[in-house]
Amino acid sequence: MKFGDLELFLIEDGPFRLDGGAMYGIVPKVLWTKVDPSDDRNRVTLNANLLLIKGNGFNALIDTGLGGKWDDKEREMFAVSELRTMVTDLARVDLRPDDITHVIQTHLHFDHAGGATYIDADGSLKVQFPNAKYIIQRGEWEIANNPNPRDTRSYKRENQQPLEEAGVLELIDGDKEILPGISVEVTGGHTKYHQVVHVKSGGHHLVYLGDLVPTPNHIRTAYLMAYDLYPVEVMEKKVPLLERAADENWLLMFEHSPEKKAGHLVRGEKGRLELDVFDLDQAEYTPAGG
């Protein structure tokens, strides 16, 4: 999709499933199942919606999905499907992993950073995008490599270890412009150094929300994940960001939604924010109401 001077492509890596109670935290099951039915193991279906941004001299990828480094037990537990993967989706737009110049990680949980590395035919752990700079908040990197007992299962050492050894890391501190029109904003909340990505070009504005608002269901203030380490911070950050997105007609992209992957916010009954779903599969971006 043409987006000002940039081109945007939806890259998918999934689907998979996680526990519904964990995805909706303190929200009672009788409420969240109305919008997101669970299977017989209480799991809800999610996706890994990645964003590829093509600009003048760069191909930037936001997050790297689940990847393929799963044993049989994990594949079954998370219902990991590889019918559509990040690498095969890149091939659909005539790109190979070697063509990616920048990888921006919102954070390093396994469902966002699993594709940062891969295991080659001889069993060696390799960097998936050897010509890219992997842009990660320094604080997130340090926590991922020294997780506390609660975080141990969320961070996988094999997803980040080869990056340092290959010299492809670019650790940053705080909000920063990464490329013309592409910047990161540290939100905290989900993890201490979680970041969202802003994309601006031609008067348009997109925000890739990562796990600050993983699905449209999480637009509601109290809909938080049990995975959020600092849930009050999530509320404090997402409410003003979403209000501004509605006021300024930003396009929002939801990383884990299997169907409603993007949209604009409108004010419905009693001023409640609701999603006007936007189809990313079109030639040129037309803002809501445009």
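Any read-out appearing in this document is the output of simple, stated calculations on the displayed coordinates, not a laboratory observation. As the structure is a computational prediction, the values presented were derived from the model and not from experiment. Please note: Cβ atoms are built from the backbone with ideal geometry, for glycine as well, and neighbour counts cover all protein chains shown.
Results, tabulated for the structure shown:
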| read-out | value |
| --- | --- |
| Of G188, G67, G55, the one that fluctuates the most in a GNM where the chain has Cα springs shorter than 10 Å | G55 |
| Most mobile of G57, G189, G263 in a GNM of the chain (Cα contacts under 10 Å) | G57 |
| For V232, V93, V87, V44, order by how many other beta-carbon atoms lie within 10 Å, fewest first | V232, V93, V87, V44 |
| At least 20 Å along the helix axis (C-alpha) and Kyte average at least -1.0, DSSP helices within the chain | 231-248 |
| The chain, helix-only ellipticity at 222 nm - DSSP H runs n ≥ 4, -39,500 (n - 2.57), divided by all residues, nearest 500 | -6000 deg cm²/dmol |
| Whether the chain is rounded, prolate or oblate, judged on the alpha carbon gyration tensor where a/c under 1.5 counts as rounded | rounded |
| N148/E7 FRET efficiency (R0 41 Å; Cβ-Cβ; nearest 0.05) | 0.50 |
| Choice from L31, L51, L108 with maximal GNM fluctuation in the chain (Cα, 10 Å cutoff) | L31 |
| Inter-site label distance for N131 and E170 at 7 Å from Cα along Cβ, in nm | 1.5 nm |
| Relative packing of peptides 281-288, 191-198 - highest average C-beta neighbours within 10 Å first | 191-198, 281-288 |
| Where labels lie 7 Å past Cα in the beta-carbon direction, separation of R220 and D279 in nm | 2.9 nm |
| Length-normalised contact order of the chain in % [C-alpha pairs under 8 Å, at least 6 apart] | 18 percent |
| Spacing of the two label points (7 Å from each Cα toward its C-beta) at T286 and R244, in nm | 2.9 nm |
| Difference of contour (0.36 nm per residue) and Cα-Cα distance, Y230 to R84 | 49.3 nm |
| Tensor-based shape of region 137-195 (alpha-carbon gyration tensor, a/c under 1.5 rounded, otherwise prolate or oblate) | oblate |
| Paramagnetic label zone (point 7 Å from Cα along Cα-to-C-beta, D94; backbone N under 20 Å) in region 42-59 | 52-59 |
| Debye log10 I(q)/I(0) for region 1-153, one point scatterer per Cα, at q = 0.10, 0.11, 0.13 Å⁻¹ | -0.42, -0.50, -0.69 |
| Cα-based shape type of region 66-123, given that a ≥ b ≥ c are square roots of the gyration tensor eigenvalues and the cut on a/c is 1.5 | prolate |
| Lysines with Cα under 16 Å of K176, excluding same-chain neighbours fewer than 8 positions away | K133, K200 |
